[in-house]
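Below is one structure, written out as C-alpha cells, with a few remarks after it.
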Amino acid sequence: MRFDENLRQQAYDAVDNQFPVVKQDPYYPGYHMAPPAGLLNDPNGWIQWNGSYHLFFQWMPFHTGHGAKFWGHYRSENLIDWKLEPIALTPSDWFDKNGCYSGSAVADEDKLKVFYTGNVKNERGERQTYQCLAESADGIQFEKKGVKVHLPEGYTPHFRDPKVWKHKDHWYMVIGAQTTEEKGSVSFLESSDLENWTHRGVLSHAEADPFENLGYMWECPDLFPLGGREILLFSPQGLAADGIDFNNQYQSGYVVGSLDYSSASYVHGDFEELDRGFEFYAPQTTLDDQGRRILVGWMGVPDQNESEQPTVSNGWVHQMTLPRQLELKGEKVYQLPLDEMKNLRKHERYNQKVEGESSTSLSRAAEIEVSGEIDELNIFDNATISYDRDAKLLHLKRLSYVDGTIETRSCRLPNGLTHLRLFVDHSSLEIFVNDGEEVFTSRIFADVENDSLNVFTKNTAHLQIWDLKNDT
Ligand code: FRU
C-alpha cells in the first residue's frame with residue numbers, strides 16, 4: 001500500500017476504534033460538528049460548492065494532542081445535518097509531512113481548489129513552510145498539486161494559513177505571518193491563474209502602523225468585503241490581557257478598513273475582539289449563493305488547558321461553533337445565527353413571561369431566547385450570565401473545568417441589554433447578545449445529571465425555550 005493510503009487507513013481504523021466510545025460521551029454535541037476521534041481545530045476550506053456546504057477541519061485522528069494534521073471533511077446541504085466525508089488531505093508528502101495545516105477553498109473551472117500550508121520539520125527540527133494546492137472534481141477526492149508559494153524574504157517560517165479570494169479577474173491571497181523582526185503580520189499575494197503567485201508584501205497601513213504592538217504572530221487571516229468596507233479577520237498571538245479584553249491565551253478579532261488593491265495599502269481602524277467567550281479561535285468566512293457572509297470558528301484556543309478538557313479521557317476534544325452570518329453596523333461586526341438554525345428546533349418547552357425568580361428544566365440540546373432586560377440566568381448550575389445595569393457590563397461566569405474555580409469573561413453593552421439568544425449543546429454554550437452585537441462562545445462541562453435553568457429578573461421579560469436536534 002502506498003504511504004498516503006496506509007496513513008489514511010490508519011486514520012479510519014482510529015475512528016472505527018474510538019467513535020463508539022466518543023459518541024457515548026455525554027459531553028459529545030448533538031448538533032455541532034466535532035471530531036469522530038482525536039482532536040479537531042481550525043475550520044478550513046469553508047465554501048458552498050455545487051449545492052453543498054463543505055467544511056474541512058484540522059484533524060489529528062490518532063490522539064487528542066496536536067501534530068501532523070489531516071484535513072477532515074464535513075458536508076451539508078442544509079447547514080443543519082452534517083455528514084462526515086472521506087479524508088480530504090493526508091500529511092504524506094515531502095511538502096506536508098508534518099501537517100496539512102490550515103487553508104481555504106475556491107471554485108475555479110468546475111473544480112474545487114484548496115490552498116493549505118504544508119508544514120515540514122527538517123532533520124534538525126527546523127520548521128519549513130510551503131503553500132500548497134490540491135484540486136477536486138467532485139468535492140470529495142482531492143489530488144495534490146504541490147507547492148505554489150515558497151517562503152518570501154522578510155518572514156520567519158511562521159508563515160501559514162492561506163486564504164484565497166477573487167476580486168475582479170484576479171486572485172488574491174493573505175497569509176498569516178511573522179516578520180523577521182518577530183512581529184505578527186499579514187502577507188499579501190496576487191495571481192492571475194492560481195498557479196503563479198506574486199508576493200506583494202506585508203499588508204500595511206501606509207506610514208503610521210496601528211498594528212504596532214499586536215503580538216508576535218498572526219494566524220488564520222481572512223480578508224473580505226462587508227457593508228462596503230473590507231474586513232481583515234485574524235488571530236494574533238502575544239497580546240497582553242487588558243481589563244476585560246484579551247483574556248484568553250490567544251485572541252481572534254478584526255479591523256474594519258479599506259483596501260487599495262493596486263498599492264496593497266490597507267487603511268483601517270482598531271483591533272476588536274470578535275467573541276467574548278472562553279473558547280473561540282481561527283474563524284473563517286465564506287460567501288454563499290444568498291450573498292451571506294458566513295463565519296465558522298473553532299470552539300477552542302491553542303495552548304489553553306486543552307489536555308485538561310474532560311472529553312480527553314474518551315478520546316476526543318473540541319468542536320466547531322455554529323455557522324454565523326456577519327453584518328457590519330457602523331464600525332462593528334455583528335454575528336447572527338443563520339435563519340436555518342430555527343430548523344434545529346424540535347419542540348417548544350417553555351413560552352412565558354417571567355418576573356422575579358423562575359426555574360425550569362433544560363435539555364442538553366436547547367435554545368433559549370430572552371426578550372427584555374434580565375439580571376441573571378444560570379444554566380446547569382455551572383454557567384451564569386449576569387447583567388450589571390449600572391456599569392452596563394454583561395458577564396459570563398463558569399466553573400473552570402481545570403480546578404472548579406469561577407472564571408469570568410465580560411463585555412460592555414453601551415445601549416443596555418435587550419435580548420439574549422443562547423444555544424446549548426451538551427458541553428457548549430453560544431450566547432448571542434442584542435441580535436449579534438456581542439457573542440460569547442464557551443465550553444461548559446456541567447454535571448451531566450443537572451438539567452436546571454434559573455432566571456432572575458427585576459423587570460418582566462419573556463422567556464422561550466426549545467429542545468433542539470440531538471443526534472450524536
Ligand atoms: C491555528 C493553527 C494554524 C495552523 C493550524 C495547525 O489554530 O495553529 O496557524 O495552520 O492551527 O493545526
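The values are calculated or read from the model by the stated rules, or taken from the named source; none is laboratory data. Quick caveat: nothing in here was measured; it's all calculated off a predicted structure. Glycine gets a Cβ as well: all are built from the backbone with ideal geometry, and neighbour counts include every protein chain shown. Areas reflect the complete protein model, heavy atoms only, side chains present, ligands, DNA and RNA absent. Shrake-Rupley method; radii C 1.70, N 1.55, O 1.52, S 1.80 Å.
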Residues of region 156-174 that turn out to be within 13 Å of the ligand (Cβ to nearest atom) and on the phi > 0 side of the Ramachandran plot, as a count
1
Being under 20 Å from residue 296 (Cα atoms) and in contact (Cβ under 8 Å) with a residue 60 or more places away in the chain is true for just one of 407, 437. Which residue is that?
437
Within region 175-202, work out how many residues are among the small types (Gly, Ala, Ser), under 13 Å from residue 219 (Cα atoms) and either away from the ligand (no atom under 16 Å from the Cβ) or modelled with pLDDT of 95 or more (or both).
3
Checked region 143-155 for anything touching a His at 6+ places or on another chain (Cβ under 9 Å) and within 16 Å of the ligand (Cβ to nearest atom); matches are 149
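Here is a yes/no grid of residues against (1) open to solvent by 40 Å² or more (accessible area, probe 1.4 Å); (2) over 22 Å from residue 337 (Cα atoms); (3) not aromatic (Phe, Trp, Tyr):
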| residue | (1), (2), (3) |
| --- | --- |
| 363 | no, no, yes |
| 374 | no, no, yes |
| 396 | no, no, yes |
| 406 | yes, yes, yes |
| 443 | no, no, yes |
| 456 | yes, yes, no |
Hey, residue 266 more than 16 Å from the ligand (Cβ to nearest atom) and of a type in the set (Ser, Thr, Tyr) or not
yes
Cross-chain or 6+ apart pairs with Cβ under 8 Å, region 98-127 first and within 30 Å of residue 167 (Cβ to Cβ), then within 13 Å of the ligand (Cβ to nearest atom) and open to solvent by 40 Å² or more (accessible area, probe 1.4 Å):
116/101; 117/101; 118/101; 119/98; 119/101; 119/127
Of residues in region 285-305 being open to solvent by less than 20 Å² (accessible area, probe 1.4 Å) and either in a strand (DSSP E or B) or among the hydroxyl-bearing types (Ser, Thr, Tyr) (or both), the one nearest to the ligand (Cβ to nearest atom):
298
A careful count of residues in region 38-97 that are over 18 Å from the mean Cα position of the chain (by Cα), of a type in the set (Asp, Glu) and within 14 Å of the ligand (Cβ to nearest atom) gives 1
Strands (runs of 3 or more DSSP E) (entirely within region 99-142) containing at least 1 residues that are among the β-branched types (Val, Ile, Thr) and more than 15 Å from the ligand (Cβ to nearest atom):
100-108
Strands (runs of 3 or more DSSP E) fully within region 150-250 counting 3 or more residues that are of a type in the set (A, V, I, L, M, F, W, C) and open to solvent by less than 40 Å² (accessible area, probe 1.4 Å)
155-167, 170-179, 184-191, 217-226, 229-237
